[in-house]
Amino acid sequence: MRCTAIILAGLLVLASGPAQSASSEEPAFVYQRIHALVAHHDNRITLRVWEDGRLEIRFPAYTPRAGLYRGRLEQAEVETLEQMVSMLAGIQPDPLFTRLNQVRSSALIEVADADIVRFIHTGPDRQTVELRTPAPDAWSSLAPEVGELRELEQLEKNLRAWMDQQMKGLERQP
């Protein structure tokens, strides 16, 4: 089903928070792909990684790999992930939000599936970056002037490939 969508001001929430201490209970990195067209709470693919290497990957019930998977990463794998997501700190929320609003006000755009993608990253400097954006893979080609969307699209592709690699050694949890 195709629907006509406009980037609404509330769809993109970007915040770079003040320095916070990351507790061992809070993940250092969270990635979620929220399937907006699924009408119940079980509509998210989720990756969580803690500083100590704990890993949690969750797929919704309607996906082939449905379930919760847990494991532990080696330090080298944590560092690889940290390098991959460190680019999030370089995204300036206000300019990105302004450019997306300009696209919204200048054009009506068709999007077949307006998923939401969410990243939360607490870096080694204890700065937390949170991004919640319309699916970069759908919007980057529709708004090529917003280069950060292409970067986020590539990050999401890299994360999904990384998740697939990590899944090889994990079993579904009860």
**OP:** State the number of residues belonging to region 81-93 that are in a loop (DSSP other than H, G, I, E, B) and touching a helix residue (DSSP H, G or I) at 6+ places or on another chain (Cβ under 7 Å).
**Re:** 1
Original post:
Can you name every residue in region 141-155 that is surrounded by 18 or more Cβ atoms within 10 Å (Cβ to Cβ) and under 14 Å from S86 (Cα atoms)?
Top reply: E148, L152, L155
Subject >> Candidate set from region 100-128 (those that are open to solvent by 60 Å² or more (accessible area, probe 1.4 Å) and either part of a helix (DSSP H, G or I) or under 25 Å from W50 (Cβ atoms) (or both)); member that is modelled with the highest pLDDT >> reply: Q127
**OP:** Starting from region 147-174, keep only residues that are small (G, A, S), then list their pairs with residues that are at pLDDT 90 or above whose Cβ atoms are within a distance under 8 Å, requiring at least 6 positions of separation or different chains.
**Re:** G169/G71
Subject >> Candidates L96, L131, filtered to the one that is of a type outside the set (V, I, T), at pLDDT below 90, open to solvent by less than 10 Å² (accessible area, probe 1.4 Å) and not in a helix (DSSP H, G or I) >> reply: L131
Original post:
Taking region 50-62 as the search range and keeping residues that are more than 18 Å from the chain's Cα centre (by Cα) and under 16 Å from H35 (Cα atoms), which one is least open to solvent (accessible area, probe 1.4 Å)?
Top reply: A61
Original post:
Within the set of pairs 6+ apart or on separate chains, which have a first residue in region 38-65 that is over 18 Å from A114 (Cα atoms), a second that is hydroxyl-bearing (S, T, Y), and C-beta atoms under 6 Å apart?
Top reply: L47/Y31; I57/Y69; R58/T46
Original post:
How many residues does region 38-80 hold that are of a type in the set (G, A, S) and part of a loop (DSSP other than H, G, I, E, B)?
Top reply: 4
Original post:
Restricting the search to region 134-151, which residues are assigned to a helix (DSSP H, G or I), of a type in the set (G, A, S) and closer than 22 Å to I45 by Cα?
Top reply: A138
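The values are calculated or read from the model by the stated rules, or taken from the named source; none is laboratory data. Predicted model, so just to flag it, every value in this text is computed and none were measured. Cβ: placed from backbone, ideal geometry, glycine included. Neighbour counts: every protein chain shown. SASA here: full protein model, heavy atoms, side chains in, ligands and nucleic acids out. Shrake-Rupley method; radii C 1.70, N 1.55, O 1.52, S 1.80 Å.
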